[in-house]
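Chemist: Can you keep this structure in mind? I'll have questions shortly.
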Amino acid sequence: MSTPQDLKYTRSHEWIRIESDTVLVGVSWFAQDAMGDVVHVELPEVGDVLKAGTPACEIESVKAVSDVYSPVSGEVVEINESLEDTPENVNASPYGNGWLFRVKIGATLDLGDTMGADEYKAHCG
Amino acid sequence: MTLRRTPFFEHHQAAGGRLIDFGGWELPVSYTGILAEHKQVRNAVGLFDVSHMGEVFLRGPSALLAIRHLVTNNIDIPNGHAQYTAMCNHDGGIVDDLIVYRLADDEVLVCVNASNREKDFAWLRDNNPCADVDVVDASDDWAQVAVQGRHAEAILDAITDVDLSQVASFGVVRGVVAGVEGCILARTGYTGEDGFEVFIPAEQASAVWPAIMDAGKPYGICPIGLGARDTLRLEAKLMLYGNDIDETTSPLEAGLGWVTKFDKPDFIGRSALLAQKEAGLTRRLVCLVVDKRIARAHCPILVDGEVVGEVTSGTKSPTVEANIALGYVPRRFARAGNRLQIDIRGRLADAEVVKPPFYKRPY
C-alpha cells in the first residue's frame, strides 16, 4: 500500500493535493485496490459546482460501481480526460496519471474531515 | 457465522487470492485481477475452485424415470453423458438450472448451484416420484475444480488414466486424477471455453490442485477467481441463478426453450409451461449492448420513457470490449436491432438488443 505524505485523505478514500488556488482529487491506492480493475470513470463536467462530502463522480470496476465524494467544495475547472481511454490508470497510478478532477477553491479552503497520511494509514488498518 | 472452506483453501491463500464471503463460503474473488484472469481463460487456460457447488445423486432402478419427471430436459442421452437443464416448480418457475450427469442406468448425478443446495435437495427428495430411487445430498463428500480454456484437455490428460481425447463435449467418465481414485471428469463448464469439470472425493482432493498447476505450467495455467467466472459466463450468456433466472421466471422466457422438452412424458411444470407457450410469452431475456456506461442488475429498461423491464446482469465485456447486459423486455422489443434505454442510476443510456451470445469460442 502506498500513501504519499504530501497529500490529505478522506475517510471515504479520496486524496487531495493542494496546488495554490486549486485542489487535485483522486482515489487512494487502498481504494483502487479494493475496487479492482477499473474499466470506466464517469467524471464530473467542467463547471459543475461540487459540495464537500457529496458524490462527484463514479468509478466502475468489473465488479461494481463506486461513488467518489468530493473532499472539498468548489467548481470543477479540469477533468482528467485521458481516463476515458485509459481508466486503468486509476489502478496503475492512483496518485499520478489516475487523478480524477481539479476543483477551484474559494478564498478559504475548508479541509473538513481530511486527514494526514499517517492518520489515513491507521484508518485503513 | 464461520465461513466454510474448500479443500483448496490453503492454495488460495498461498497464491494471494482475495478471499470473500460467497454465500457462506470463503472463496477467492480474484488473484491478480479480474481482467487478467478473464483473458487468461479466453487465451490459454485457468483453474477454478468450484467446490461450493452441490452434488446430489439419484440412485435406484428408476433413477432415469425420476430425473425425467423432475427436470425440463429429456435426459435422452447415453450413459457417460451430461445434459444442461432447468428444474421447474408446478407454476413453471425455475427452481434451479443444473447439469444432469448420467453415470449409469441406475445412477444420476445432479450438480446444483451452491446457493440452492438445500432447496434443490429438498425439492428433489420431496418430488421424487419413484419409491425405488434414493435421493442423496453428497455435497460434503465432493470437491470440484474446473479447468477451462483451450489447453484444458492436454493438462488433465497428463495426470489422468483416461484418454480425454475420447471424451466429447458433455461427456462424462470416471477416472484417477493425480493419483486420486473415483474422480468424475466431465467436459462441461461455465466459461464459454472448452474444458472440464472434475469432481474429486473431498478427503483426498487437496493435492489435486497443485498437481493441475504443475501439469499446467507449460501452458501458463493460472488460478481464476469468482470475479472472472462471472464475466466469462456472462459473455457466453450462461445463466446466473438469482440474477437472470429464479422462481418468478420460466425457462421459456429465459431463452431455455431448447432444454424444455414437451415431447416427453409429464414433468413438473409441464402444463404451466405449455399454457405459457400457447398463450405467447409476455417477456424474454435478451442480450444488450449499452452505450458508454455499464448497466448493472436491477437497472430499469425503458422504451419511449416508460419502464418495460429490468437488467439482470451487466458488466464491461473484456473480450468484445463493449458494455454488455442481460435483461427482460416485452416480447415485442426483444428482436435484435431494437433500440431501448437503460436507467443507470438516474441517467439514461442507449442500448441495443443483440443476438446471443456475446462471445463464441473460435475453435
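Throughout, read-outs are computed from the coordinates displayed, never taken from laboratory work. This one's a predicted model, so the numbers in the text were calculated from it and none came from an experiment. Ideal geometry is used to build each Cβ from the backbone, glycine not excepted, and the neighbour counts take in all protein chains shown.
Chemist: Work out the charge dipole of the stretch B:1-151 with +1 on the Cβ of Lys and Arg and -1 on the Cβ of Asp and Glu about the Cα centre, then indicate which of B:Ala15, B:Cys111, B:Gly93 is farthest towards its positive end.
Modeler: Working it through, the farthest residue towards the positive pole turns out to be B:Ala15.
Chemist: Which residues' amide hydrogens lie under 5 Å from the amide hydrogen of B:Ala143, considering only partners 5 or more residues apart or on another chain, with H built in the peptide plane?
Modeler: B:Ile200, B:Ala202
Chemist: What fraction of the DSSP beta bridges in the protein assembly as shown is antiparallel, stated in percent and rounded to the nearest 5? Spell out each step's value before the answer.
Modeler: Values: 107 of 111 bridges.
For the protein assembly as shown, the DSSP antiparallel bridge percentage is about 95.
Chemist: Which of the peptides B:112-123, B:44-55 is most tightly packed, and how do the rest follow, going by the mean number of other Cβ atoms within 10 Å of each residue?
Modeler: On the way: B:112-123: 18.8, B:44-55: 24.0.
Top to bottom by mean Cβ count within 10 Å: B:44-55, B:112-123.
Chemist: Something else about it: Percent relative contact order of the stretch A:8-106, based on C-alpha pairs within less than 8 angstrom and at least six residues apart? Walk me through the numbers on the way to the answer.
Modeler: Working: 235 pairs, mean separation 32.4, N = 99.
After rounding, I find 33 percent.
Chemist: With the contact rule set at Cα under 8 Å and sequence spacing of 6 or more, what percent relative contact order holds for chain B?
Modeler: Working: 862 pairs, mean separation 63.8, N = 363.
Relative contact order for chain B comes out at 18 percent.
Chemist: Right, another one. Using a 10 Å cut-off around each Cβ of peptide B:337-347, what is the average number of partner chain Cβ atoms that fall inside?
Modeler: Numbers: counts 0, 0, 0, 0, 0, 0, 0, 4, 5, 0, 1.
If you average over the peptide's residues, the count of other-chain Cβ atoms is 1.
Chemist: On a C-alpha basis, how far is the centre of the stretch B:266-316 from the centre of the stretch A:30-56 in Å? Whole number, if you could?
Modeler: Taking the Cα centre of the stretch A:30-56 as reference, the centre of the stretch B:266-316 is 31 Å away.
Chemist: Per-residue HN-Hα couplings for the stretch B:85-96, Karplus 6.51 cos²θ - 1.76 cosθ + 1.60 at θ = phi - 60°, whole Hz, x for Gly and Pro?
Modeler: Values per residue, Gly and Pro as x: 7, 9, 10, 10, 8, 5, 8, x, x, 8, 6, 6 Hz.
Chemist: Residue by residue through A:57-64, how many Cβ atoms from other chains fall within 10 Å of the Cβ on average?
Modeler: Values: counts 0, 4, 0, 7, 7, 15, 9, 3.
Per residue, the number of nearby Cβ atoms from other chains is 6 on average.
Chemist: Mind listing the phi-derived Karplus ³J(HN,Hα) values for the stretch A:33-48, rounded to whole Hz, using 6.51, -1.76 and 1.60 with θ = phi - 60°, and x for any glycine or proline?
Modeler: Listing the rounded values in order: 5, 5, 6, x, 3, 7, 10, 7, 10, 9, 7, x, 9, 4, x, 4 Hz.
Chemist: How high is the relative contact order of the stretch B:282-363, in percent, with contacts defined as C-alpha pairs under 8 Å that are six or more residues apart? Walk me through the numbers before you get to the answer.
Modeler: Values: 200 pairs, mean separation 30.3, N = 82.
Normalised by residue count, the contact order of the stretch B:282-363 is 37 percent.
Chemist: Can you give the average number of partner chain beta-carbon atoms within 10 Å of each beta-carbon in peptide A:31-43, as a whole number? Could you put the intermediate results ahead of the total?
Modeler: Numbers: counts 0, 0, 1, 1, 0, 8, 13, 1, 9, 5, 0, 6, 0.
Shielding by partners across A:31-43 averages 3.
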